[in-house]
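**Q** Following this message is one structure expressed as structure tokens.
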């Protein structure tokens, strides 16, 4: 009989003793098929791509020798292609060969050429020249760097990551203009060959964590990488935990700020959201807004967000516990109002709560799927019409509606979508335990939750840091946000005081 | 890995399949908001009356159910049978005892409230001069909830220094303390209303005396337990016409009381009460407060009046064997030997009170 | 066996001790002390704090000599394998019994105050499930959790401070009325409620920092606990009259039952909920201590097997007492034998370590 059941929430981390030094790697460079002649090259490439129709093989004659250009049609930028070909228009063959060698990159092997083809390059073969050449003809396009719709802020930068890795890297580079910003690239996915960048600031990030991440990613053997979210689930250590162990964001300013706090950013080509790790619980409650407004406002809203965590998890459970176990905690002035509301509910309050919570989740899901204008209508129909009708019909008490509404609002306050979903999910077990044991059930569940949080680690960092282990300096930026000058990374070196803004006036005094 | 999950599943099944043992739905309960105890006229048993709010769509009415039983618990069971729903004592706001019951041991009635973890300890206690069942069923004008009316009445009485602040828990330490006694408000049923009729004084757990409202106020002053507002009216002149001019009404702004307890060898206890009262005149039609002499005269009259009045009241509470000032506690705390030699309640009659009243007028209102 | 690693920051030693010492027994501490030393109970509590301080010195002296060993290794080193193992076994039994006592008090508390009809076993089963989950995380998780629970403690003290609005301060007078003997005897009750500090000898090697810092933390925690318990006892004494006090076995809860706020009534229910956290902490500490003891005794690494086993044992034994009377008797018996383990055995160990020092030549 195995006694390992208590490890239920902890998937054993795939700890590898691999101490390989990270290498820049295209994973296919091991096999080598050398280019021998024109016909062999074309056949090899053709065979590699089997029957795809978008592989275009263009035959041209230059000085009575065949010049073959091979490219993938969807990538082709006509202008670039024309420009490349026009470079080759020379009078004699020798000059052209020179030009070919001068302007274009030489491919060592055919497999390398295939990889380049997949990357949007055009392969050029010239009869009689024993080398392959590649030239970039890839058309580039991406949507504008607009503010992401799921992470809006009021004051601050309104740029967002897009689906292009290069653009995203640029967005970070231009925010941290320093040689210490390190971008390491690798590809994962045996079929999709997705580029991944591990980005960190040298000297701030923990090199052990960087190495760990590198190994973790390197050891992944998956054929395809659809998005950052998919990889996140593969590399997180505790997959049975309800809490996200990486922060998923589409905001470059948020990513840059986290880089400066020593965290690591994982960026995936084709995915507008980047992963930030290691994180603590409090990271999910920080928003760039906190730092862009004055500290009193920032602290206030930070505190509200943290309070919203407790409200969203506890409130329905608290209501259930009170009306079905401990009505004596309701003060005298309120008791008759509550009693009047719940008197005609025909079933236990957990059912009532469940109906309302499920309705709410349905509404939420429906309004996301529907196009924008209809989505709003759903909100109104759901909120007002169903809410009103369900109370009139006597299926749910009006107090329950208030509770559910407050809970819903507070669960959407959390600035991270992942965390907000976790919170919404957590309140269901909380409701059940409250329905069985009342307050004791709530306490039991909270105890379990806190213990779980204490045991949880995100890549070697305590999930409750800086609360546990206590770091007073960092605690200034967790529950509330202390004034910017008191935070460590803003402190001026030595004892220098702030320079007066009105220095000339001082001279008069 | 898979085997880890079996115990978790097991626990989930246990939890969900069993049941909710302690569930007591608010909707399935009848809340008790007031409880009254009478001595049944037929067989001398206990007659318990409870007020239960009945909630309609629009308004709330309180119905009063009553039943006879041998004990409070027993009577409640009988009532429960006639109301279909479970009675929930946790919302109870006031307990009213009839005078003849209060003169017996009241702890035997209240024990159930102290013992039950669900009961509400903040309920007020009051003694009714008349029949409690009748008091609870008085048709009040403009107030359908009798419990609320009585609670507010008692709270008002406490605020206006007609009774000390009390609830079930506050009187409990005093009920058991041999050196300190408690008092509760006295209610008198009227035609369409309920009046406060002063204080019921308890010796231990038995009611032994009464004070009327005016006496109660001065008693609270002596006990240093005044409420927020204390407004006293006194006759200070005899000759003025019309008669209203003979009276002064003042508020007590500030009171400092010093209590000296000095037991003597012969079993007597000399108790000195030094009171310094700062008052504010709120009604004095004579309007002669600009001259210092007149003020002095007035102060001395008031202080003399208060002193004589206090002495009368002290006699009265001593006659009731009611140690509301906690003299016994002082003796216990500071004169342990004396305390051990005597049985306090037997020598309480021997306490010699001396009252030194000092009155100072500090406010005249906005005219002199 | 795994090397004992210092992985817990020193400040968590403070919170560990405070949270372990505060628990269900604290709720009836004023009553237990009052029944013996009357209105001088608060002096007894201070006295027990002083005694515990001396006891802490004793334990610390032993630990300082063997900074990388737990109790179970120290005994073997000092007394030889056979006697050491015998002592270890009795210590493990003591820790398990303490855990059981905690559970017994806990269930009777829940039954009387919140859940009269819910069967004990289900509450206990879930409770030990949660606690074992904690203990399996090792000393680091345990210490982390306690450092989070610590602020709740202060909140509870603030709750209690409200009781002073209805206090009769004359109830504490005359001071010293019950005589010295009663006060000293009362201190015994106080010591029993404040046990938990003896776990120092078990967790010592896991704490980071110098020996001096650890002593400082222990002293601070003892001062904190003693102050809080003195305050609690004092508050109870001035709140209840002496005659009423004897009727109220859980004075702390009874006191706050009367408090009312604008939004909530019956604060005692919330207070009791907070207490559950602390009971869980006390239980987990002893579960941890007994589990690593058993692991060391059986010379096995598989502590994750032992924890649920020990926990299951505590539940089975803990569900035996059925009525209030047998619980009282159990607790009384236990508090008497606990003195042996918190004081007598450490003194023996201390003397042996003194002797050994000369023998081994440092």
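The values are calculated or read from the model by the stated rules, or taken from the named source; none is laboratory data. Quick caveat: nothing in here was measured; it's all calculated off a predicted structure. Neighbour counts run over all protein chains shown; Cβ positions are idealised from the backbone, glycine included.
**Q** Identify, by number, the condition in (1) touching a helix residue (DSSP H, G or I) at 6+ places or on another chain (Cβ under 6 Å); (2) surrounded by 19 or more Cβ atoms within 10 Å (Cβ to Cβ) that residue A:90 doesn't meet.
**A** All conditions are met except number (2).
**Q** Looking at C:207, C:203, can you tell me which residue is in contact with a strand residue (DSSP E or B) (Cβ under 7 Å, 6 or more places away or on another chain), closer than 12 Å to residue C:13 by Cα and surrounded by 22 or more Cβ atoms within 10 Å (Cβ to Cβ)?
**A** Going through C:207, C:203 in turn, the sole match is C:207.
**Q** Name the one entry in B:228, B:240 that is out of contact with any strand residue (DSSP E or B) (no Cβ under 8 Å at 6 or more places or on another chain), closer than 30 Å to residue B:132 by Cβ and surrounded by fewer than 20 Cβ atoms within 10 Å (Cβ to Cβ).
**A** Answer to the check: B:228.
**Q** Can I ask one more? Suppose we filter the range A:421-444 for residues that are crowded, with 21+ Cβ neighbours inside 10 Å, more than 8 Å from chain C (Cβ to nearest Cβ) and without any contact (Cβ under 8 Å) to a residue 60 or more places away in the chain; how many remain?
**A** Selection size over the range A:421-444: 1.
**Q** Then there's this: Please list, ordered by first then second residue, the pairs with beta carbon atoms under 9 Å, 6 or more apart or interchain, first in the range B:27-44 and more than 25 Å from residue B:103 (Cα to Cα) and more than 14 Å from every other protein chain (Cβ to nearest Cβ), second surrounded by fewer than 24 Cβ atoms within 10 Å (Cβ to Cβ) and modelled with pLDDT of 85 or more.
**A** Listed pairs, sorted by first residue: none to list.
**Q** Something else: I'd like the full set of residues that are surrounded by 17 or more Cβ atoms within 10 Å (Cβ to Cβ), touching a strand residue (DSSP E or B) at 6+ places or on another chain (Cβ under 9 Å) and in a loop (DSSP other than H, G, I, E, B), limited to the range B:168-214.
**A** B:181, B:182
**Q** When the range A:445-463 is examined, which residues are found to be touching a strand residue (DSSP E or B) at 6+ places or on another chain (Cβ under 9 Å) and at the interface with another protein chain (Cβ under 8 Å from one of its Cβ atoms)?
**A** The one that is touching a strand residue (DSSP E or B) at 6+ places or on another chain (Cβ under 9 Å) and at the interface with another protein chain (Cβ under 8 Å from one of its Cβ atoms): A:454.
**Q** Something else now. Those residues that are free of Cβ contacts under 8 Å to residues at least 60 places away in the same chain, within 12 Å of chain C (Cβ to nearest Cβ) and in contact with a helix residue (DSSP H, G or I) (Cβ under 9 Å, 6 or more places away or on another chain), I need them from the range B:143-170; list them, please.
**A** Passing the criteria: B:166, B:169, B:170.
**Q** Among the residues of the range C:292-300, are any within 24 Å of residue C:121 (Cα to Cα) and under 21 Å from the mean Cα position of the chain (by Cα)?
**A** Taking every residue of the range C:292-300 in turn, none turns out to be within 24 Å of residue C:121 (Cα to Cα) and under 21 Å from the mean Cα position of the chain (by Cα).
**Q** Out of B:219, B:247, B:284, I need the residue that is buried (at least 16 other Cβ atoms within 10 Å of the Cβ) and within 16 Å of residue B:353 (Cα to Cα). Which one?
**A** On inspection, the qualifying residue turns out to be B:219.
**Q** Right, here's the next one. Somewhere in the range C:95-103, is a residue at pLDDT 85 or above, surrounded by fewer than 23 Cβ atoms within 10 Å (Cβ to Cβ) and either under 30 Å from residue C:119 (Cβ atoms) or touching a strand residue (DSSP E or B) at 6+ places or on another chain (Cβ under 8 Å) (or both)?
**A** yes
**Q** Restricting to the range A:344-355, name every residue that is surrounded by fewer than 21 Cβ atoms within 10 Å (Cβ to Cβ) and at pLDDT 85 or above. Walk me through it before giving the result.
**A** Residues of the range A:344-355 that are surrounded by fewer than 21 Cβ atoms within 10 Å (Cβ to Cβ), as a first pass: A:344-348, A:350-351, A:354-355.
Those that are surrounded by fewer than 21 Cβ atoms within 10 Å (Cβ to Cβ) and at pLDDT 85 or above: A:345, A:346, A:347, A:348, A:350, A:351, A:354, A:355.
**Q** Same structure, new question: Does the range A:119-126 contain at least one residue that is within 24 Å of residue A:227 (Cβ to Cβ) and either surrounded by 15 or more Cβ atoms within 10 Å (Cβ to Cβ) or not assigned by TED's automatic domain parsing to the domain that holds residue A:266 (or both)? First the steps, then the outcome.
**A** As a first pass, look at the range A:119-126 and keep what is within 24 Å of residue A:227 (Cβ to Cβ): A:119-120.
Cutting the leftovers down to either surrounded by 15 or more Cβ atoms within 10 Å (Cβ to Cβ) or not assigned by TED's automatic domain parsing to the domain that holds residue A:266 (or both) gives us A:119-120.
Looking through the range A:119-126, at least one residue is within 24 Å of residue A:227 (Cβ to Cβ) and either surrounded by 15 or more Cβ atoms within 10 Å (Cβ to Cβ) or not assigned by TED's automatic domain parsing to the domain that holds residue A:266 (or both).
**Q** Taking the range B:319-343 as the search range and keeping residues that are surrounded by fewer than 20 Cβ atoms within 10 Å (Cβ to Cβ), within 13 Å of another protein chain (Cβ to nearest Cβ) and assigned to a helix (DSSP H, G or I), which one is nearest to the chain's Cα centre (by Cα)?
**A** Top of the filtered list is B:334.
**Q** Moving on. Here is a list of conditions, (1) more than 11 Å from every other protein chain (Cβ to nearest Cβ); (2) more than 21 Å from residue C:141 (Cα to Cα), and residue C:270 meets all of them except one; can you say which number that is?
**A** Residue C:270 satisfies all of (1) more than 11 Å from every other protein chain (Cβ to nearest Cβ); (2) more than 21 Å from residue C:141 (Cα to Cα) except (1).
**Q** In contact with a strand residue (DSSP E or B) (Cβ under 7 Å, 6 or more places away or on another chain) and within 30 Å of residue A:189 (Cα to Cα): is that true of residue A:41 in this structure?
**A** Yes, satisfied.
So that you can scan it fast, the table gives a plain yes or no per residue for (1) touching a residue at least 12 places away in the same chain (Cβ under 8 Å); (2) within 14 Å of chain A (Cβ to nearest Cβ); (3) outside any helix (DSSP H, G or I):
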position: C:283; (1), (2), (3): yes, yes, no
position: C:288; (1), (2), (3): yes, yes, no
position: C:293; (1), (2), (3): yes, no, no
position: C:301; (1), (2), (3): yes, yes, yes
position: C:308; (1), (2), (3): yes, yes, no
position: C:312; (1), (2), (3): yes, yes, no
position: C:337; (1), (2), (3): yes, no, no
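**Q** Please specify each residue of the range B:114-134 satisfying the condition of being touching a strand residue (DSSP E or B) at 6+ places or on another chain (Cβ under 7 Å) and closer than 20 Å to residue A:335 by Cα.
**A** B:122, B:123, B:124
Table: residues versus (1) farther than 23 Å from residue C:191 by Cβ; (2) more than 18 Å from the chain's Cα centre (by Cα); (3) within 14 Å of another protein chain (Cβ to nearest Cβ).
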| position | (1), (2), (3) |
| --- | --- |
| C:211 | yes, yes, no |
| C:219 | no, no, no |
| C:225 | no, no, no |
| C:234 | no, yes, no |
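**Q** Have a look at C:61, C:72, C:57, C:127 and point out the one that is crowded, with 20+ Cβ neighbours inside 10 Å and more than 14 Å from every other protein chain (Cβ to nearest Cβ). Give the steps one after another, and end with the answer.
**A** Numbers: C:61 fails: crowded, with 20+ Cβ neighbours inside 10 Å; C:57 fails: crowded, with 20+ Cβ neighbours inside 10 Å; C:127 fails: more than 14 Å from every other protein chain (Cβ to nearest Cβ).
None of the others qualify; the one that does is C:72.
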